[in-house]
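Notes to accompany the following structure.
The values are calculated or read from the model by the stated rules, or taken from the named source; none is laboratory data. Bear in mind the structure is a predicted one, so any value in this text is a computation, not a measurement. Positions of Cβ are backbone-derived with ideal geometry, glycine not excepted, and every protein chain shown enters the neighbour counts. In case anyone asks, the SASA skips ligands and DNA or RNA and just uses the protein heavy atoms, side chains included. Shrake-Rupley method; radii C 1.70, N 1.55, O 1.52, S 1.80 Å.
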Amino acid sequence: MRIVPTIAELRTALAGAGPVNLVPTMGNLHAGHLSLVSAARQRPGRLVTSIFVNRLQFGPQEDFSRYPRTLDADCRLLESAGCDLVFAPANEEMYPQDQEYKLVPPAAMADMFEGAVRPGFFIGVCTVVLKLFHIVRPDAAFFGKKDYQQLLIIQRMVAQLAMPIEVVGCETVRDNHGLALSSRNGYLSAAELVEAAELRRTLRKVASNVRAGAAWPDLERRALESLRSRHWQPDYIAVRGRADLGIAEAADPLVVIGAARLGGTRLIDNYEIP
Ligand code: PAF
């Protein structure tokens, strides 16, 4: 496995290499990321994982500097997972100047939920993903469904910009209690780790009550109250359409999405309603 820090080296390494599959990450890899690598490994061609903590998607009050950087351990994991090439650029390589050209996703998809709580977040995500796509020129790129809104926004970006890339959404990997794996779980105390699976249980309960015919606004309000009563600070719990997280009808494919803070850690998750 090669580790390349520059765009020039990456392009040379991939020249004439045939199909390329990309797993974009910010590092601090866990089994969730490795499941994306394993999905990408099923495809013919070279497997590239990018590791880049993207400053553009962090707000001024967010954890950019304390975001864990574990490149050596990440590369060991990627090597055993069968990755061919790691693209690990420094900030100066990706952003040698201020990134003045940015990709602004549609407000109707990006200014609600995560985008409302973290203004500018999806501009940062779309800009770096677009730039990675230009650099790596993958045939397919793999993203986790845990970040449901991110996945939908990237899928639409690729479709509307006619980029010849298949964006593959992969299932969320969970611990034994049902907690979605996330680099941020490392901030949770032992007691919080046990409590953290409550977010998933809450979303699942909303989902089963939706199917039982209960009114969605009541379910959302009761779910928020229930989390608050357990000392969570929820940002949102919402039943929406799977296509674009817009307002939907009961007959549409639906998903319940949620985000809440437990102590100092913000967790997000979702449940596709069967
Ligand atoms: O999901 C992530 O880890 C990041 O948002 C991504 C897609 C790698 C862009 O920095």
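Screening E114 against (1) among the acidic types (D, E); (2) within 22 Å of A88 (Cα to Cα); (3) within 12 Å of the ligand (Cβ to nearest atom) leaves a single unmet condition, (2). Scanning the stretch 245-262 for residues that are open to solvent by 20 Å² or more (accessible area, probe 1.4 Å) and within 25 Å of H177 (Cα to Cα) turns up just one, R261. Of the residues K131, K146, which is basic (K, R), buried (at least 17 other Cβ atoms within 10 Å of the Cβ) and under 17 Å from G169 (Cβ atoms)? So the residue among K131, K146 that is basic (K, R), buried (at least 17 other Cβ atoms within 10 Å of the Cβ) and under 17 Å from G169 (Cβ atoms) is K146. Of all residues in the stretch 25-68 being without any contact (Cβ under 8 Å) to a residue 60 or more places away in the chain, away from the ligand (no atom under 15 Å from the Cβ) and in a loop (DSSP other than H, G, I, E, B), which is nearest to I123 (Cα to Cα)? So, considering only residues that are without any contact (Cβ under 8 Å) to a residue 60 or more places away in the chain, away from the ligand (no atom under 15 Å from the Cβ) and in a loop (DSSP other than H, G, I, E, B), the one nearest to I123 (Cα to Cα) is P60.
Are any of the residues in the stretch 76-91 acidic (D, E), more than 17 Å from the chain's Cα centre (by Cα), surrounded by 16 or more Cβ atoms within 10 Å (Cβ to Cβ) and within 20 Å of F133 (Cα to Cα)? For the stretch 76-91, residues acidic (D, E), more than 17 Å from the chain's Cα centre (by Cα), surrounded by 16 or more Cβ atoms within 10 Å (Cβ to Cβ) and within 20 Å of F133 (Cα to Cα): present. Against the test of being more than 20 Å from the chain's Cα centre (by Cα), within 27 Å of M26 (Cβ to Cβ) and either assigned to a strand (DSSP E or B) or modelled with pLDDT of 95 or more (or both), the options L227, L245, L203, L199 yield a single qualifying residue, L227.
Filtering the stretch 17-24 for residues that are open to solvent by 70 Å² or more (accessible area, probe 1.4 Å) and either farther than 16 Å from F133 by Cα or part of a loop (DSSP other than H, G, I, E, B) (or both) leaves an empty set. Considering R55, R66, R43, the condition of being in contact with a strand residue (DSSP E or B) (Cβ under 9 Å, 6 or more places away or on another chain) and among the charged types (D, E, K, R) is satisfied by R43 alone. If we scan the stretch 106-119, do we find a residue that is among the aromatic types (F, W, Y) and part of a helix (DSSP H, G or I)? No, the stretch 106-119 contains no residue that is among the aromatic types (F, W, Y) and part of a helix (DSSP H, G or I).
Can you find a residue that is over 30 Å from V117 (Cα atoms), at pLDDT 95 or above, in contact with an Asp or Glu (Cβ under 6 Å, 6 or more places away or on another chain) and basic (K, R) anywhere in the stretch 37-46? Checked the stretch 37-46: at least one residue is over 30 Å from V117 (Cα atoms), at pLDDT 95 or above, in contact with an Asp or Glu (Cβ under 6 Å, 6 or more places away or on another chain) and basic (K, R). Of all residues in the stretch 137-154, one or more are closer than 19 Å to D269 by Cα and either away from the ligand (no atom under 15 Å from the Cβ) or small (G, A, S) (or both).
Rundown of residues vs (1) in contact (Cβ under 8 Å) with a residue 24 or more places away in the chain; (2) surrounded by 20 or more Cβ atoms within 10 Å (Cβ to Cβ), yes/no style:
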| site | (1), (2) |
| --- | --- |
| L193 | no, no |
| R200 | yes, yes |
| V206 | yes, yes |
| A215 | no, no |
| V239 | yes, yes |
| A243 | yes, no |
| G264 | yes, no |
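Among the residues of the stretch 225-237, those that are open to solvent by 40 Å² or more (accessible area, probe 1.4 Å) and not hydroxyl-bearing (S, T, Y) comprise E225, R228, R230, H231, Q233, D235.
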